[in-house]
Ligand SMILES: *[C@@H]1O[C@H](CO)[C@@H](O)[C@H](O)[C@H]1NC(C)=O
């Protein structure tokens, strides 16, 4: 990146929260407009600012529920927090995209640690695999979904260096998750661990904090283990309101949390 946009970028980053580094400016076009929205007629058509596949399914995991429902599949002791499964780009019509062209990697932790130790530290906390091996999980998320997120294309960087693409995608996903972090909604909505809820109660809690957010509730043997949510991408995260094509796998009632 040219010095001028590096200066603009660091100013923007400084004013954002510590873990977010959401903007991915292409030097020739300057910094992406913060108000642009994917899949909207007012959105930028610059695929380096907004993903071409701009309907995003953000999936957050409640690993305590997953591990309670599937103890033999779980190799960790989960903390009381919602963590990232992934952010999956769909076409604006809501069609899933996977395995786009672009490089795959076997050293993602090293690359992220080298290019952005702060991002790495937040991924270790917020993007956790129940297998205990985050590297493999991150490789899968990058290869299957990250490569379909157009702002990470190497051609979006004026002078691509190792880790730029991973940093662009992963920092954007972490920022998106922080924007729609479910623990905040569950706390505000009075949904507490050790109790049983209806799908309606859980949905009401989520939309009270995140109005218009469409979700699908995923259960593992009766325990709430994951929530899919749909947003339209912005350069710094997303906006609620995108439809979701997935249905609940949880029953309508008796959901253990
Ligand atoms: C993408 O690749 C993964 C891993 O090889 C595979 O499981 C998945 O089915 C592929 N998706 C599509 C749509 O081909």
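The values are calculated or read from the model by the stated rules, or taken from the named source; none is laboratory data. Bear in mind that the values here come from a model prediction, so they are computed numbers and not experimental data. Here Cβ is always computed from backbone atoms with ideal geometry, including for glycine, and neighbour counts include all displayed protein chains.
Looking at segment 142-172 only, could you name the residues that are part of a helix (DSSP H, G or I), within 15 Å of the ligand (Cβ to nearest atom) and surrounded by 21 or more Cβ atoms within 10 Å (Cβ to Cβ)? Listed by number, the residues that qualify are 142, 146, 147, 148. Among residues of segment 101-133 being within 15 Å of the chain's Cα centre (by Cα) and surrounded by fewer than 16 Cβ atoms within 10 Å (Cβ to Cβ), the one that is nearest to the ligand (Cβ to nearest atom) is 124.
Within the bounds of segment 72-85, is there any residue that is at pLDDT 95 or above, under 18 Å from residue 50 (Cβ atoms) and either away from the ligand (no atom under 16 Å from the Cβ) or surrounded by 18 or more Cβ atoms within 10 Å (Cβ to Cβ) (or both)? Taking every residue of segment 72-85 in turn, none turns out to be at pLDDT 95 or above, under 18 Å from residue 50 (Cβ atoms) and either away from the ligand (no atom under 16 Å from the Cβ) or surrounded by 18 or more Cβ atoms within 10 Å (Cβ to Cβ) (or both). Evaluated against (1) more than 30 Å from residue 191 (Cα to Cα); (2) part of a helix (DSSP H, G or I); (3) touching a residue at least 12 places away in the same chain (Cβ under 8 Å), residue 100 falls short on exactly one condition, (2).
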